[in-house]
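The values are calculated or read from the model by the stated rules, or taken from the named source; none is laboratory data. Note that the structure is a prediction, hence the values are computed from the model and not measured. Virtual Cβ from ideal backbone geometry, glycine too; neighbours counted across all protein chains shown.
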Amino acid sequence: MRKTLQQVLAEYGTVALVVYLVIFFAVLFGFWTAIQAGWRPESVTGSVGSFTAAYIATKLTQPLRIGATLLLTPFVARIFDRLRPRPRL
């Protein structure tokens, strides 16, 4: 899967990086919000802060986030190309 991610990054560049980072921060914020709302993962001890627990949970989802990046990047790139203004000749 790593080789495929490198190929996607080489082909789509910034778009792939932005898609990955948006997914990363959405998952991180989602876990942090859930922990703040009272959800407690079983593997996290009481001494770990909520942000640290959210980061650990986010790191555990990395294979899923990479897969989502591989699936979403081509679609996002097409949408970006459609929305980008074309230069007039």
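A few notes on this one:
- Close pairs (9 angstrom Cβ cut-off, 6 or more residues apart or separate chains): surrounded by 14 or more Cβ atoms within 10 Å (Cβ to Cβ) in the range 3-30, outside any helix (DSSP H, G or I) anywhere: VAL27/THR61
- Options TYR20, TYR12, TYR55; residue that is within 30 Å of VAL76 (Cα to Cα) and modelled with pLDDT under 90: TYR12
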